[in-house]
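> Below you will find the structure I want to go over with you.
The values are calculated or read from the model by the stated rules, or taken from the named source; none is laboratory data. What you are looking at is a predicted structure, and each value in this text was computed from that prediction instead of being measured. Using ideal geometry, Cβ is built from the backbone for each residue, glycine included, and neighbour counts are taken over all protein chains shown.
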Amino acid sequence: EINNPVGFVNSNLGTLGKYMTNLFEVIKSYEAAEARVGGGVCPEVAEMKKKVDFGYLVEDIPSLLKESQDGLARVKRIVQDLKDFSHVDESNWQHANLEQGMDSTLNVVANEIKYKAKVVKEYAGIPDVECMPSQINQVFMNMLVNAAQAIEKDGTITVRSGISGDEVWVEVEDTGKGISPEHLNRIFDPFFTTKPVGKGTGLGLSLSYGIVQKHNGRIEVKSEVGKGSTFRVWLPVKHVAKE
Ligand SMILES: Nc1ncnc2c1ncn2[C@@H]1O[C@H](COP(=O)(O)OP(=O)(O)O)[C@@H](O)[C@H]1O
Ligand SMILES: [Mg+2]
C-alpha cells in the first residue's frame, strides 16, 4: 500500500522542516553572540560558512522542503486517480460506455502522451457494452501506452469507435514506427518485447489478449513499418456466458 510510505515521508518532511527552523534559530543566536564579542573571532567558522555557501543554504532549504511536499501531494493525487481507475468492481459484468472508458483512460496516460503526440477522437456514439469495464480500460491503457512509445515525437494518436451488427469496436491508431512483419505474429506472446529493460515487460498485449478473449471478442492489428499501427478491439454488445 503506497499510501503508507507517502504518509510517513510527508509527516517526516513536516517534522524535518520544524527541526531545521529550530536549528537555524540556534545558529542565529550563536551569530548574535559572536557579534556581541566582536565579529571575526572565529575564522574557521567564517571559512566553513563560506565553503558551504551558508547564506544560500539557509534560503534554499525551506523551498526544497516545500517543493518536496508539493511533489508528495501530487503523488497522492495520482495514486488516488489510479485507484479510481483500476479497482472499481474488479470482475463485474456491467453495461458500460466504452467511449467514456477510453476518455478516462486517456486522462490516466495523458503524461505519457502529451509531449509526443496529439490525440484525435472520432467516436461514433456506440451503445453501452456488457463488459468488465476496469479490465477493458486496462486493454485501452496498454494500447495507448504502446502507441505513445512507438512515437518519437510530433505524432498523432487517433481513437475511434464504431458498430457493426451486434459487435462494437474501439481502435487506437498511431503514427509511430510500426511493427515489422517478422514481429507481427509474436507481439501477443507473453514477454515478447522490443523495448529496453525498464521500458517494456512484453506483457501488455498478452494480458489484453486474455481479457478480450474472456469477453468473446478479438483484437485486429494493422501495421506498416515507418508509418504506424492500428489496434482494433472488437467486442460483442451483449455478453453470452460460455458453456
Ligand atoms: N503501437 C505499436 N507500435 C509499434 N510496436 C508495437 C505497438 N504495440 C505493440 N508493439 C510491439 O509489440 C511488443 C509487445 O507489446 P506489449 O505486449 O505491450 O509489451 P511491451 O509494450 O512491454 O513491450 C512491443 O515491444 C512492440 O514491439
Ligand atoms: Mg505495452
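> Filter segment 227-237 down to residues that are more than 7 Å from ligand 1 (Cβ to nearest atom), closer than 21 Å to residue 155 by Cβ and of a type in the set (A, V, I, L, M, F, W, C), then give me how many there are.
Of the residues in that region, 1 qualify.
> List pairs: first in segment 135-150 and free of Cβ contacts under 8 Å to residues at least 40 places away in the same chain and not assigned by TED's automatic domain parsing to the domain that holds residue 173, second of a type outside the set (A, V, I, L, M) and crowded, with 22+ Cβ neighbours inside 10 Å, Cβ under 6 Å, 6+ apart or cross-chain?
none
> Let me ask something else about it. How many residues does segment 199-226 hold that are of a type outside the set (A, V, I, L, M), within 10 Å of ligand 1 (Cβ to nearest atom) and either exposed (fewer than 14 other Cβ atoms within 10 Å of the Cβ) or within 27 Å of residue 133 (Cβ to Cβ) (or both)?
8
Every residue, every condition in (1) modelled with pLDDT of 90 or more; (2) assigned to a helix (DSSP H, G or I); (3) surrounded by 10 or more Cβ atoms within 10 Å (Cβ to Cβ), yes or no:
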position: 11; (1), (2), (3): yes, yes, yes
position: 17; (1), (2), (3): yes, yes, yes
position: 27; (1), (2), (3): yes, yes, yes
position: 34; (1), (2), (3): no, yes, yes
position: 55; (1), (2), (3): yes, yes, yes
position: 82; (1), (2), (3): no, yes, yes
position: 101; (1), (2), (3): yes, yes, yes
position: 105; (1), (2), (3): yes, yes, yes
position: 118; (1), (2), (3): yes, no, yes
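> Scan segment 197-220 and report the pairs whose first residue is at positive phi and whose second residue is more than 10 Å from ligand 1 (Cβ to nearest atom), with Cβ atoms within less than 6 Å and a gap of 6+ or a chain change.
216/236
> Tell me which residues, restricted to segment 155-172, are of a type in the set (D, E, K, R) and either within 13 Å of residue 123 (Cα to Cα) or in contact with an Asp or Glu (Cβ under 7 Å, 6 or more places away or on another chain) (or both). Working first, answer last.
Pass one, segment 155-172, residues of a type in the set (D, E, K, R): 160, 166-167, 171.
Selection gives 160, 171.
> Let me ask something else. So in segment 159-198, with the set limited to residues that are part of a strand (DSSP E or B) and near ligand 1 (Cβ under 8 Å from one of its atoms), which one is farthest from residue 100 (Cα to Cα)? Step through it out loud before you land on a result.
Here is the first cut: in segment 159-198, the residues part of a strand (DSSP E or B) are 159-164, 167-174.
Now narrow it down to the ones that are near ligand 1 (Cβ under 8 Å from one of its atoms): 172, 174.
Working: 172: 15, 174: 20 Å.
Among those that are part of a strand (DSSP E or B) and near ligand 1 (Cβ under 8 Å from one of its atoms), it is 174.
> Of everything in segment 131-167, what is out of contact with any Phe, Trp or Tyr (no Cβ under 8 Å at 6 or more places or on another chain), β-branched (Val, Ile, Thr) and more than 12 Å from ligand 2 (Cβ to nearest atom)? Give them in sequence order.
If the condition is that a residue be out of contact with any Phe, Trp or Tyr (no Cβ under 8 Å at 6 or more places or on another chain), β-branched (Val, Ile, Thr) and more than 12 Å from ligand 2 (Cβ to nearest atom), then 136, 151, 156, 157, 158 are the ones that fit.
> Could you tell me which of the residues 187, 113, 126 is assigned by TED's automatic domain parsing to the domain that holds residue 228, in contact (Cβ under 8 Å) with a residue 40 or more places away in the chain and within 16 Å of ligand 2 (Cβ to nearest atom)?
Numbers: 187 fails: in contact (Cβ under 8 Å) with a residue 40 or more places away in the chain; 126 fails: within 16 Å of ligand 2 (Cβ to nearest atom).
The conditions single out 113.
> Looking at residue 158 and the list (1) closer than 30 Å to residue 226 by Cβ; (2) surrounded by fewer than 12 Cβ atoms within 10 Å (Cβ to Cβ); (3) not charged (D, E, K, R), which single condition is not satisfied?
Of everything listed in (1) closer than 30 Å to residue 226 by Cβ; (2) surrounded by fewer than 12 Cβ atoms within 10 Å (Cβ to Cβ); (3) not charged (D, E, K, R), residue 158 misses just condition (2).
> Right, another one. For segment 23-72, which residues satisfy the criterion of being among the β-branched types (Val, Ile, Thr) and in contact (Cβ under 8 Å) with a residue 60 or more places away in the chain?
none
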